[in-house]
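What follows is a short report on a single structure.
The values are calculated or read from the model by the stated rules, or taken from the named source; none is laboratory data. Here the structure is a predicted model, which means the values were calculated and not measured. Every residue, glycine among them, receives a Cβ derived from its backbone with ideal geometry; neighbour counts consider all protein chains shown. Heads up: the accessible areas ignore ligands, DNA and RNA and are worked out on the full protein's heavy atoms, side chains in. Shrake-Rupley method; radii C 1.70, N 1.55, O 1.52, S 1.80 Å.
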Amino acid sequence: MKKEDIPKITNAFLKQGWDSRHEVLERYWLDQQNKIRYVFVAELDEDIAGYVTVAKKVKHGPFQESELPEITDFNVFEQYREKGIGNSLLDAAENKAVQFSTIVTLGVGLHSGYGAAQRIYAKRGYLPDGSGVWFENKNIDNGEVCMNNDDLCIYLSKKLR
């Protein structure tokens, strides 16, 4: 990611009716400068089509005590889906992650807005870690109440090469 990508990505979010990601993207850019996160941006016809990040170390979930890398914040904007962009972004992310580990991890939301991501991860060989559902960075016990929003997820991993 280049610094000048930040307003372009932010505008793509707003154009889609999603919340601004400006502050998050600024943090990602600083993380990238410090080599603790890598951000891959896809462009199509000079427009931002999507992006994904790879954090060198997991910060949340069942893998947080490990030294494994994590794919985070995978987004392909709606008008660019079904064009192979998601797979290209994940190829780039996995090629970076394999520089640090033979395993890469990720968390994916459970509501329907994450349906496309759930499907692409399954097709690419990501497997649930078996810890069950997580909500607000906490493992949820059987019978515990939670809300189906962006903070409800499961964690997956994939063996690389």
Out of CYS146, CYS153, I need the residue that is in a strand (DSSP E or B) and not aliphatic (A, V, I, L, M). Which one?
CYS153
Meets criteria (over 26 Å from TRP134 (Cβ atoms) and either over 13 Å from the mean Cα position of the chain (by Cα) or surrounded by 18 or more Cβ atoms within 10 Å (Cβ to Cβ) (or both)) for GLU43
yes
Answer yes or no: is there a residue in the range 50-59 that is crowded, with 18+ Cβ neighbours inside 10 Å, among the charged types (D, E, K, R), within 23 Å of LYS3 (Cβ to Cβ) and in contact with a Ser or Thr (Cβ under 8 Å, 6 or more places away or on another chain).
no
A careful count of residues in the range 88-98 that are open to solvent by 40 Å² or more (accessible area, probe 1.4 Å) and part of a helix (DSSP H, G or I) gives 4
Can you tell me which of SER112, SER66, SER101 is open to solvent by 70 Å² or more (accessible area, probe 1.4 Å) and over 17 Å from MET1 (Cα atoms)?
SER112
Could you run through the range 16-26 and say how many residues are surrounded by fewer than 12 Cβ atoms within 10 Å (Cβ to Cβ) and either in a helix (DSSP H, G or I) or touching a Cys at 6+ places or on another chain (Cβ under 8 Å) (or both)?
1
I'm checking my understanding of the structure. Among residues of the range 1-40 that are under 21 Å from THR105 (Cα atoms) and among the basic types (Lys, Arg), which one is nearest to the chain's Cα centre (by Cα)?
ARG37
